[in-house]
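Trainee: If you scroll down you'll find the structure; I have some questions about it.
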Amino acid sequence: MNNLIVLPLIIPIITGVILVFLRHSIMLQRVISTITMITVSIMSFILLEIVESEGIIRLDFSGWLPPFGILFVADSFAMLLVLTASIVTTICLLYAFSTIGKQIETMFFYPFILFLIAGVNGSFLTGDIFNLFVCFEVMLLSSYVLVAIGGKKVQLRESLKYVLINVVASWMFLVALAFLYGTVKTLNMAHIAQRVAEVGQEPLLTTVAVLFLLVFSLKAGLLLFFWLPGSYSVPPAAVQALFAALLTKVGIYALIRTFTLMFPLNQDITHTLIGVMAGITIIAGCMGALAGRDVYTIGTYNVIIGVGFILIGLAVGTEAAITGAIYYLIHDIVAKALLFLIIGMMVYLTGESVIKNMSGLIRNYPLFGWIYFIVLLALTGVPPLSGFVGKILIGQGAIEAESYILLAIGFASSIIVLYSLLRIFLASFFGETTISFEDRKPIPKGAYGSFIFLAVTIVFIGVGAESLSVYVKDAVNTLMNPSVYIDAILKG
Amino acid sequence: MKINDVILRTVVKGVVFIILTLGVYLFFSGHNAPGGGFIGGLVLGSGIVLLYITYDLETVHKKMPFDFKKVAAFGVLLATGSAIGSLYFNAPFLSQTDGYFNIPILGEKHLTTVTIFEAGVALTVIGTLVTIILSISEDE
């Protein structure tokens with residue numbers, strides 16, 4: 001028992017609720033939400049250290065032992081993601097302070113950001129699959145509000161689609177849960193894994209697994225991403241960054257957890273299916289990124305390419321590939337947040353979203369331009385930045401497992417990512433500036449701060465990959481050997 | 001055109017007390033029988049909504065000057081507060097306790113911390129329900 005595990009969920013919820021009472025004191029809201037997120041980040045780091053030294057720890061709510069009660073489980077994989085998500089949220093808040101505008105801030109903006117991160121952290125930490133559904137809903141309900149916050153016409157149109165698709169997905173999640181409970185009579189993830197292993201993954205269970213695959217694919221934007229480009233390009237920039245960084249990643253986390261822990265036995269069907277879906281996702285994402293004329297389209301299709309690439313790691317399923325998937329997941333959270341913050345800033349500075357209509361940004365804002373160049377290199381996977389380790393390890397895994405088609409698609413996508421982002425760089429940053437140096441809008445200091453923090457994080461993940469490797473190795477060990485996780489929950 | 005709602009107003013004056021009493025009864029019976037914070041809160045909330053339907057917004061608001069968004073927020077605070085209270089006693093998150101106390105006049109009573117949690121749930125449900133209905137009705 002360690003009550004620390006629940007804090008990444010409960011601290012944001014409580015402070016979020018307190019902020020509801022402080023609706024009109026915006027300064028106080030900013031201070032409290034920043035302190036909250038910094039505290040959560042520190043807590044997550046402490047927890048990561050504890051897990052690293054003591055192994056998997058769990059917290060049985062109100063003392064009900066598994067498999068009967070609901071529990072939170074902290075293993076290295078979950079904690080790494082909680083830590084990354086909390087840090088990125090802190091930095092996005094910093095960006096929001098200087099850009100979001102007073103009107104939105106009084107519309108309970110900060111409480112909903114905190115509820116969102118509570119849902120995200122809860123989804124990573126929970127050890128009960130029904131609780132996973134609940135945490136998904138906490139996250140989604142906040143995201144519904146954040147998509148529509150500001151109330152512009154286009155936001156309302158896209159939020160309607162977003163809500164509908166997610167309600168349908170959540171309904172399917174419930175149906176899948178009902179089938180699962182009907183077949184294995186338990187909802188504790190470790191217990192499910194144990195029972196599935198006992199009876200063998202018969203066709204019925206594989207069908208249930210495929211249903212889960214469908215649900216999480218909708219959430220992660222794997223193949224079923226038709227809702228994603230629209231709804232991710234309408235909210236304010238800080239929210240876009242959070243969505244691009246976190247929401248699809250929760251779906252990916254759920255996929256990795258489900259298919260390494262609970263349904264790892266019938267890989268011929270499930271993992272082949274994931275591989276095919278990942279391949280098609282990347283190809284479709286590349287087409288979108290190539291065809292895009294405005295920064296939002298190019299950015300959102302890059303999110304989709306990222307999703308496909310991480311799931312190649314899961315589909316291949318060797319140790320190297322899973323290690324790569326974890327590295328790439330962490331990298332993608334940070335890099336996509338930075339990409340979307342930069343895109344938001346470009347639109348704010350020029351009032352345009354079509355890349356041809358912007359020009360010469362780097363002359364007026366040299367540092368801003370070079371930070372974009374860093375994120376471009378990181379997303380392409382150029383060493384020593386953060387994307388490199390993940391890409392090379394996933395590639396190594398694909399070679400080991402002899403899935404050369406996925407390998408080719410994955411690495412070809414890097415070139416497309418490079419090309420699509422370079423197009424923004426050449427068209428919008430290079431060239432003659434249309435605005436003179438005196439007439440330029442200044443970039444707010446807070447926004448610059450958030451760019452620099454994220455850029456430093458990207459460099460750190462790349463250069464300091466070795467210092468992360470203890471945690472990643474532990475995470476991979478748990479994912480590759482489900483018995484480690486199961487024993488930690490059910491024995492002891 | 002103003003509709004003649006004398007019958008509705010007269011009936012509601014009596015009925016609303018029955019509904020509210022039933023709500024409170026359901027809330028307290030929840031510990032050992034069907035009921036509890038969620039259901040009690042729903043019944044109490046529907047009583048308040050009935051008042052809003054029968055009389056206009058201003059009249060009800062004069063007697064109940066609550067911002068129901070804040071009622072809901074206070075409810076969540078109460079529920080989560082009772083949940084993290086256990087952290088102070090180094091018990092697992094969400095642990096609850098109970099005991100029998102001798103209260104003058106009332107005699108021996110069974111008191112639990114779950115009641116605080118349930119009260120939080122009830123307030124959240126009331127606040128959310130009334131906020132939803134009011135925001136729909138404000139829309140022209």
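Trainee: Condition check: farther than 24 Å from residue A:419 by Cβ, crowded, with 23+ Cβ neighbours inside 10 Å and small (Gly, Ala, Ser). Does residue A:238 satisfy that?
Mentor: On the way: farther than 24 Å from residue A:419 by Cβ: yes; crowded, with 23+ Cβ neighbours inside 10 Å: yes; small (Gly, Ala, Ser): yes.
When the stated conditions are applied, residue A:238 passes them.
Trainee: Also, quick follow-up: Somewhere in the range B:76-89, is a residue in contact with a Gly (Cβ under 6 Å, 6 or more places away or on another chain) and in a helix (DSSP H, G or I)?
Mentor: Of the range B:76-89, the ones in contact with a Gly (Cβ under 6 Å, 6 or more places away or on another chain) are B:78-79.
Subsequent filtering for residues that are in a helix (DSSP H, G or I) retains B:78-79.
The answer is yes; a qualifying residue exists.
Trainee: Find the residue count for the range A:40-72, including only residues that are hydrophobic (A, V, I, L, M, F, W, C), surrounded by 15 or more Cβ atoms within 10 Å (Cβ to Cβ) and not in a helix (DSSP H, G or I).
Mentor: Adding up the residues that qualify gives 6.
Trainee: I would also like to ask the following. What do you reckon, is residue B:38 in contact (Cβ under 8 Å) with a residue 40 or more places away in the chain, under 14 Å from residue B:129 (Cβ atoms) and either part of a helix (DSSP H, G or I) or within 12 Å of another protein chain (Cβ to nearest Cβ) (or both)? Before you say what the answer is, go through the steps one by one.
Mentor: On the way: in contact (Cβ under 8 Å) with a residue 40 or more places away in the chain: yes; under 14 Å from residue B:129 (Cβ atoms): yes; either part of a helix (DSSP H, G or I) or within 12 Å of another protein chain (Cβ to nearest Cβ) (or both): yes.
Yes, satisfied.
Trainee: Let me ask another. Checking residue A:21 against (1) in contact (Cβ under 8 Å) with a residue 24 or more places away in the chain; (2) at the interface with another protein chain (Cβ under 10 Å from one of its Cβ atoms), only one condition comes out false. Which one?
Mentor: It is condition (1) that residue A:21 fails.
Trainee: Checking residue A:411 against (1) assigned to a helix (DSSP H, G or I); (2) in contact (Cβ under 8 Å) with a residue 24 or more places away in the chain; (3) surrounded by 15 or more Cβ atoms within 10 Å (Cβ to Cβ), only one condition comes out false. Which one?
Mentor: For residue A:411, the exception is condition (2).
Trainee: How many residues, within the range A:48-64, are touching a strand residue (DSSP E or B) at 6+ places or on another chain (Cβ under 6 Å) and away from every other protein chain (no Cβ under 14 Å)? Please lay out each step first, then the result.
Mentor: Narrowing the range A:48-64 to residues touching a strand residue (DSSP E or B) at 6+ places or on another chain (Cβ under 6 Å): A:51, A:57-60.
Cutting the leftovers down to away from every other protein chain (no Cβ under 14 Å) gives us A:51.
Here the count works out to 1.
Trainee: Check whether at least one residue in the range A:210-222 is closer than 26 Å to residue A:112 by Cα, at pLDDT 90 or above and either among the basic types (Lys, Arg) or surrounded by fewer than 21 Cβ atoms within 10 Å (Cβ to Cβ) (or both), and report yes or no.
Mentor: So far as the range A:210-222 goes, yes, one or more of its residues are closer than 26 Å to residue A:112 by Cα, at pLDDT 90 or above and either among the basic types (Lys, Arg) or surrounded by fewer than 21 Cβ atoms within 10 Å (Cβ to Cβ) (or both).
Trainee: What is the one condition in (1) within 12 Å of another protein chain (Cβ to nearest Cβ); (2) at pLDDT 95 or above that residue A:107 does not satisfy?
Mentor: Condition not satisfied by residue A:107: (2).
Trainee: Is it the case, given these coordinates, that residue A:291 is hydrophobic (A, V, I, L, M, F, W, C) and within 27 Å of residue A:258 (Cα to Cα)? Spell out the reasoning first.
Mentor: Working: hydrophobic (A, V, I, L, M, F, W, C): yes; within 27 Å of residue A:258 (Cα to Cα): no.
No: the conditions fail for residue A:291.
Trainee: So, of the residues in the range A:1-47 that are among the aliphatic types (A, V, I, L, M) and touching a strand residue (DSSP E or B) at 6+ places or on another chain (Cβ under 7 Å), which turns out to be nearest to residue A:65 (Cα to Cα)? It would help to see each step written out before you state the result.
Mentor: First, pick out the residues of the range A:1-47 that are among the aliphatic types (A, V, I, L, M): A:1, A:4-7, A:9-11, A:13-14, A:17-20, A:22, A:26-28, A:31-32, A:35, A:37-38, A:40, A:42-43, A:46-47.
Keeping just the survivors that are touching a strand residue (DSSP E or B) at 6+ places or on another chain (Cβ under 7 Å) gives A:1, A:5-6, A:47.
On the way: A:1: 11, A:5: 16, A:6: 16, A:47: 21 Å.
Restricting to residues being among the aliphatic types (A, V, I, L, M) and touching a strand residue (DSSP E or B) at 6+ places or on another chain (Cβ under 7 Å), the top hit is A:1.
Trainee: Among the residues of the range A:85-108, which ones are in contact (Cβ under 8 Å) with a residue 60 or more places away in the chain, in a helix (DSSP H, G or I) and not β-branched (Val, Ile, Thr)?
Mentor: A:85, A:86, A:92, A:93, A:94, A:95, A:96, A:97, A:98, A:102, A:105
Trainee: Next question. For the range B:88-126, name all the residues that are of a type in the set (Ser, Thr, Tyr), over 28 Å from residue B:45 (Cβ atoms) and within 13 Å of chain A (Cβ to nearest Cβ). Full working, then the answer.
Mentor: Start the filter on the range B:88-126 by keeping residues that are of a type in the set (Ser, Thr, Tyr), which leaves B:88, B:95, B:97, B:100, B:112-113, B:115, B:124.
Pick out the ones that are also over 28 Å from residue B:45 (Cβ atoms) and you get B:88, B:95, B:97, B:100.
The answer is B:88, B:95, B:97.
Trainee: Still on this model: Picking from B:31, B:61, which residue would you name as being away from chain A (no Cβ under 14 Å) and within 30 Å of residue B:3 (Cβ to Cβ)?
Mentor: Criteria check complete, one pass: B:61.
Trainee: Could you check, for the range A:186-194, whether at least one of its residues is more than 21 Å from the chain's Cα centre (by Cα), among the hydroxyl-bearing types (Ser, Thr, Tyr) and surrounded by fewer than 21 Cβ atoms within 10 Å (Cβ to Cβ)?
Mentor: Within the range A:186-194, one or more residues are more than 21 Å from the chain's Cα centre (by Cα), among the hydroxyl-bearing types (Ser, Thr, Tyr) and surrounded by fewer than 21 Cβ atoms within 10 Å (Cβ to Cβ).
Trainee: Test residue A:160 against the criterion of being surrounded by fewer than 22 Cβ atoms within 10 Å (Cβ to Cβ) and of a type outside the set (Gly, Ala, Ser), and give yes or no.
Mentor: Working: surrounded by fewer than 22 Cβ atoms within 10 Å (Cβ to Cβ): yes; of a type outside the set (Gly, Ala, Ser): yes.
So residue A:160 passes the test.
Trainee: Checking residue A:67 against (1) in contact with a Ser or Thr (Cβ under 8 Å, 6 or more places away or on another chain); (2) within 13 Å of another protein chain (Cβ to nearest Cβ); (3) farther than 26 Å from residue A:335 by Cβ, only one condition comes out false. Which one?
Mentor: (2)
Trainee: For the range B:65-87, give me the residue count where each residue is within 8 Å of chain A (Cβ to nearest Cβ) and over 30 Å from residue B:132 (Cα atoms).
Mentor: 2
Trainee: Any idea which residue in the range A:414-450 is surrounded by the most Cβ atoms within 10 Å (Cβ to Cβ), counting only those that are among the small types (Gly, Ala, Ser) and without any contact (Cβ under 8 Å) to a residue 40 or more places away in the chain? Full working, then the answer.
Mentor: Start the filter on the range A:414-450 by keeping residues that are among the small types (Gly, Ala, Ser), which leaves A:414, A:420, A:427-428, A:431, A:436, A:446-447, A:449-450.
Filter once more, so that each one left must be without any contact (Cβ under 8 Å) to a residue 40 or more places away in the chain: A:414, A:436.
Values: A:414: 18, A:436: 9.
That would be A:414.
Trainee: Only one of these is touching a residue at least 40 places away in the same chain (Cβ under 8 Å), among the aliphatic types (A, V, I, L, M) and in a loop (DSSP other than H, G, I, E, B): A:37, A:1. Name it.
Mentor: Within the list A:37, A:1, the selection yields A:1.
Trainee: May I pose another question? Do the conditions hold for residue B:47, that is, is it buried (at least 19 other Cβ atoms within 10 Å of the Cβ) and under 18 Å from the mean Cα position of the chain (by Cα)? Please lay out each step first, then the result.
Mentor: Working: buried (at least 19 other Cβ atoms within 10 Å of the Cβ): yes; under 18 Å from the mean Cα position of the chain (by Cα): yes.
Criteria met by residue B:47.
Trainee: Follow-up. Of the residues A:420, A:403, A:413, only one is touching a Leu at 6+ places or on another chain (Cβ under 7 Å) and over 18 Å from residue A:461 (Cβ atoms); which? Please lay out each step first, then the result.
Mentor: On the way: A:403 fails: touching a Leu at 6+ places or on another chain (Cβ under 7 Å); A:413 fails: touching a Leu at 6+ places or on another chain (Cβ under 7 Å).
Among A:420, A:403, A:413, only A:420 is touching a Leu at 6+ places or on another chain (Cβ under 7 Å) and over 18 Å from residue A:461 (Cβ atoms).
Trainee: Among the listed residues A:93, A:114, A:81, which satisfies the condition of being surrounded by 24 or more Cβ atoms within 10 Å (Cβ to Cβ), under 24 Å from the mean Cα position of the chain (by Cα), within 13 Å of chain B (Cβ to nearest Cβ) and of a type in the set (A, V, I, L, M)?
Mentor: Values: A:93 fails: within 13 Å of chain B (Cβ to nearest Cβ); A:81 fails: within 13 Å of chain B (Cβ to nearest Cβ).
Residue meeting the stated conditions: A:114.
Trainee: Test residue B:56 against the criterion of being exposed (fewer than 13 other Cβ atoms within 10 Å of the Cβ) and within 14 Å of chain A (Cβ to nearest Cβ), and give yes or no. Quick ask: steps written out before the conclusion?
Mentor: Values: exposed (fewer than 13 other Cβ atoms within 10 Å of the Cβ): yes; within 14 Å of chain A (Cβ to nearest Cβ): no.
The answer is no for residue B:56.
Trainee: Another one. Among the candidates A:489, A:443, A:461, which residue alone is outside any helix (DSSP H, G or I) and either closer than 21 Å to residue A:80 by Cβ or in contact with a Leu (Cβ under 8 Å, 6 or more places away or on another chain) (or both)?
Mentor: On the way: A:489 fails: outside any helix (DSSP H, G or I); A:461 fails: outside any helix (DSSP H, G or I).
Of A:489, A:443, A:461, the one residue that is outside any helix (DSSP H, G or I) and either closer than 21 Å to residue A:80 by Cβ or in contact with a Leu (Cβ under 8 Å, 6 or more places away or on another chain) (or both) is A:443.
Trainee: Can I ask one more? Hey, residue A:391 hits all of (1) loosely packed, with under 14 Cβ neighbours inside 10 Å; (2) touching a residue at least 40 places away in the same chain (Cβ under 8 Å); (3) out of contact with any helix residue (DSSP H, G or I) (no Cβ under 6 Å at 6 or more places or on another chain) but one; which does it fall short on?
Mentor: Among (1) loosely packed, with under 14 Cβ neighbours inside 10 Å; (2) touching a residue at least 40 places away in the same chain (Cβ under 8 Å); (3) out of contact with any helix residue (DSSP H, G or I) (no Cβ under 6 Å at 6 or more places or on another chain), the lone unmet condition for residue A:391 is (1).
Trainee: Within 14 Å of chain A (Cβ to nearest Cβ) and within 30 Å of residue B:10 (Cα to Cα), is that true of residue B:49?
Mentor: Numbers: within 14 Å of chain A (Cβ to nearest Cβ): no; within 30 Å of residue B:10 (Cα to Cα): yes.
No, not satisfied.
Trainee: Given the criteria away from chain B (no Cβ under 14 Å) and not aliphatic (A, V, I, L, M), does residue A:98 qualify?
Mentor: On the way: away from chain B (no Cβ under 14 Å): yes; not aliphatic (A, V, I, L, M): yes.
Spelling it out, residue A:98 is indeed away from chain B (no Cβ under 14 Å) and not aliphatic (A, V, I, L, M).
Okay, residues lined up against (1) in a helix (DSSP H, G or I); (2) among the aliphatic types (A, V, I, L, M):
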residue	(1), (2)
A:259	yes, no
A:271	yes, no
A:286	yes, no
A:290	yes, yes
A:309	yes, no
A:320	yes, yes
A:336	yes, no
A:352	no, no
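The values are calculated or read from the model by the stated rules, or taken from the named source; none is laboratory data. Everything quoted here is computed from the prediction, not taken from an experiment. Here Cβ is always computed from backbone atoms with ideal geometry, including for glycine, and neighbour counts include all displayed protein chains.
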